Each structure stands twice: as structure tokens, then as C-alpha cells.
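Taking it in order: structure first as C-alpha cells, then the write-up.
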Amino acid sequence: MGFLALNLLSIRFSLSEQAGLAFPTGMGIETLMMAAINLFGVPLTVVSVLITASLLILAFSFLLYRRKDEITAHHKSAFRIKPAGYNLVWLFFIALIAYFEYMNFTKCMYFPTFDRDSLAGFDTIGYVIAQEHTLKGLSLFQSDYMPHIHDAGSYIVYAPMVQLSYAYVYLMGAETSKLVPALMYLSLLIAFYGSMKRVVSKTGAAAATFFMMITPEMLAFSSLSATNVIHAVSASLGIIYVAIWFGGRDRKDLYLGSLLLGLNIWTRTDGVVFILAALLAVFIDAVKGRRWRNMPPLAFSFIPALLWMIFEKASHFHAESIAILHPYWDAEKAGAIWEYMKSHYSNTLYYGWTFAAFLISTLINGWYLIKRKDNAALLGMITVSSVLYMIALYQIDYKWDTIQNVLAYSAKRFLFCFIPMIWFCSMSNHWVKYLFSRMGL
């Protein structure tokens, strides 16, 4: 399903891009479909899920069949192995990535779900959905069974992509849901490599993928069942493809970025900061060049959020609001957020070289950034989404936990979304590309 959807957007994505993006895209579309049919009262059974998925696959296939001549002509030349660009340095990094990922994948599949958030929410909710064949009217969300289900911070209002993806594999007979996070992280590595190849050499793409991969805390969490790394896949790649669109103005990249950003908000509601950052960047570009037709694709990224709002309303899913909707000033709260975020950005135990490399790369590339706008759009979207996230943290009323715990743990994990973006930005500027070119890599 994901492979067909990508080819509907464009047949000109590379093989590595299609291989990396097929699973996250397919699972995102699958869970959207599951929520839609369940909203209309259809039970989530193996039969109903597979029939509706098959109908969607047939529809995608029919639309692609109408372009069969174009597809055949393109694929005859597109997927030939071209030896140029492969060398021992590339092979070294690819071997390291494969070895580390083998260890990480087997670790993920071997250990059952044990992290607190998944046992209290995501994995358990997915398992119960598979048993009861519904998200709408789920027993876990009944107040007579769970008296505090409508309290602030309840799992009842969490965006359902991860829960429904776990329900999908449980419906199909899996003993554990760990295949989902395992394949999501593997997909991130392949898709990130494919997107990096669009802007740097194959060796540079392999090096960037390895550096991104060994970010300590993100690698550790990639084998857990929580939402954070899964969210990072769609959030980071969505921003990256919007940035690639700014560089080449190929609309397929804008469409793909918009699709991924829609799946980002379907995974976690706070992913709205990335959609807003991308919208602002495209809006500024539209004002400068009067290219207003580039705005609607990104606006469509809100459709999954709209579906979830309708689902919540129809299913009576609600919790005590944690949002402070009016402007106010609390110097102590703002100071705490700023100090914690500074601490995270400088924490090499959590993020390794990521933020240091980003700072050095940006400073070295300063002239090209200012004069030639090299990576300016991506840098702007990273900055704006970071600021918006801190504003969101400030506008929260911490009724269910202390602000210190949220900043120390939840905010730490949210920053995983920025790791691929930052390594993409750091490894694709003028001087890095020039260095790999001079070394013949």
C-alpha cells in the first residue's frame, strides 16, 4: 500500500527512498483507514481490515495502471545499479550501519514490551483493540472501568496511529507488536539515506546516516514500543522533503513532505509544530514569489488531525484540557523551560555530537547561508518548530505531572524528531559537499 501510494505521488523516487518510505507510509494509510471504517461502526476484524485494504490497493493499482507506459519507460532505466559513487569508505559506513542495525533490530524483536508508557497505554491499547475489534467504545476508555480516564493527560485523547498499528499486527496473529518499531527504525535509516543521496554523494549520505544512527538516546529508544522514535520518522522526513522541495522545486517532494507531515500529526498531536513551521516557510516563499498554489498541499496535512477530532467527538473521547489558551507571563515557568532545553541541546550523553556538529556546520557555512540561502529553508523550519515547541510547553497547565518531569523526560524524547533534520542540514551544506568532492567521495 505504501509503495503504491509513493508511486502515485511520483514514479521518480529512488529505490532507496521507496524502500525506506513504503512501510511508514503504508502503515499510516492503513491506520487512517482503520479509524475511518471504525468511525462508521465497522468492527476491526481481520476480514474487514484486509478487505478495505485490498480495495484501496486495487484502487491505487488501477490509477497506476493508467500510467503504465510512463512507469515502464522510467523503470527500465531508473533501477539499474550504477557503480559510480561506490567506494571503500562508502562500504565501511554501510557495513557499520548494517551491523549496528542488526544488533538493534534483534534486540527490539527479542525483548517484549516493557517500557511504562507502552504498558500503560500504547501497546496495551493496541492489544485490547485487537481483542474487542474496535477503538470506538473501547472498554479501557469507559469511565466505570477506568474512573480517571477523562483526567488531564489521559491516553484517551492521544493520536491513534501507534495504537492502531499495534492493533493491526495483533489482529494478524502476532504475539508481540515489536515488529512495528523495529521496521519503523529500519525504514528511517533507509529513507534518510535515500533522501541524503538527493543532495550529497553516496559516501556523504552513508556517513550522515551512520552519524544520525549512533545518537545514543534515540538509538536506545528505537527498540522500545513508545511513540517517540516512530513519531520522529514522519516528522523529520516530512520537514526534510519540504526542504528538498525548496532546493529543486519538484512538486513530488512537496507532496511527499505534506503526506509525511500529515502522518506526523496522526502519530502525535504535538507534531503540529512541524506543520506550522513548514507552512510558515512556504507562506513566506509564496509572498515573495506569489506562488500560492504551493500552500494547499501542506494545508492538507491537517486532514488526519481533523479525522481524529471527528472520531473523538463521535466516540465521546475527551479529557480535562491542559492547554492555557490565553496569553500570560510566568517568568519562573519560562526560565525553567529555557534552562531545561539548553541542557538538552548541550547534552552529549543523550544526543552525542548532534547539536555540536550542527552549530559548527552552521557557523562554517555562514557566508553561503546568508549570501546564497544554502539550507536556509531547512534551518528556518528547524528553528521555528523548536521555538513553537517551547511555546507549547509554556502554554501547558501541568495538572497530571510536574513541569520538571515533563521537561526532563518527555521533552528529551520529543527532540528525537530534530536529530535526522539536524544531521541532514549539517551534512548537506556547501563545505561538506565540497569536501567530499575534493576527496573524490
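The values are calculated or read from the model by the stated rules, or taken from the named source; none is laboratory data. As the structure is a computational prediction, the values presented were derived from the model and not from experiment. Ideal geometry is used to build each Cβ from the backbone, glycine not excepted, and the neighbour counts take in all protein chains shown. Ligands, DNA and RNA are excluded from the accessible area calculation, which covers all protein heavy atoms including side chains. Shrake-Rupley method; radii C 1.70, N 1.55, O 1.52, S 1.80 Å.
Side notes on the structure shown:
- Inter-label distance for I391 and H133, nm, one decimal - labels placed 7 Å from Cα along Cα-to-Cβ: 4.6
- Restricting segment 194-231 to trypsin sites (Lys or Arg not before Pro) that sit in a DSSP loop and have at most 15 other Cβ atoms within 10 Å of their own Cβ leaves nothing.
- Whole-number accessible area per residue in Å² for the chain, which is evaluated in the context of all protein chains at 1.4 Å: 46
- Sequence-ordered 3J(HN,Hα) estimates for segment 365-376 from the Karplus curve with 6.51, -1.76 and 1.60 and θ = phi - 60° stand at 8, x, 5, 5, 5, 7, 7, 10, 6, 5, 6, 5 Hz, glycine and proline given as x.
- Semi-axis lengths (Å, descending) of the ellipsoid that matches the C-alpha gyration tensor of segment 21-79: 30, 13, 8
- Computed with every protein chain present, the accessible area of D151 is close to 70 Å² [probe 1.4 Å].
- For the chain, built as a Gaussian network whose Cα springs stay under 10 Å, the top-fluctuating residue of G352, G26, G366: G366
- Rounded percent of accessible protein surface that carbon and sulfur make up, the chain, 1.4 Å probe: 68
- Spatially proximal aspartates and glutamates relative to K252 (Cα-Cα < 17 Å; intrachain offsets below 8 disregarded): E17, E70
- In nm, spacing of pseudo-spin labels at R372 and R116 (7 Å Cα→C-beta vector): 5.0
- Residue among Y168, L140, G204 farthest towards the positive dipole end of segment 119-217, charges placed on Cβ: G204
- For chymotrypsin sites (Phe, Trp or Tyr not before Pro), the sites in segment 106-213 that DSSP calls loop and that have at most 16 other Cβ atoms within 10 Å are F114, Y145.
- Potential lengthening of the chain between M172 and Y99 amounts to 23.3 nm, from the contour at 0.36 nm per residue minus the alpha-carbon distance.
- The length gained by stretching the chain between K399 and S346 to full extension, at 0.36 nm per residue less their Cα-Cα distance, is 16.2 nm.
- Sparse-neighbourhood loop sites, trypsin sites (Lys or Arg not before Pro) in segment 240-305 - DSSP loop, at most 12 other Cβ within 10 angstrom: R249, R290, R291
- Of K342/K399; K107/K197; K333/K399, pairs whose Cα-Cα distance is over 18 Å: K342/K399; K107/K197
- Prolate is the label for segment 232-326, because the ratio a/c of its alpha-carbon gyration tensor axes (a ≥ b ≥ c) is 1.5 or higher and a/b is greater than b/c.
- For the pair segment 17-33 and segment 152-225, the centres of their Cα atoms are 12 angstrom apart.
- Annotation for Y434 and K288: the two label points, set 7 Å from Cα along the Cα-Cβ direction, are 2.2 nm apart.
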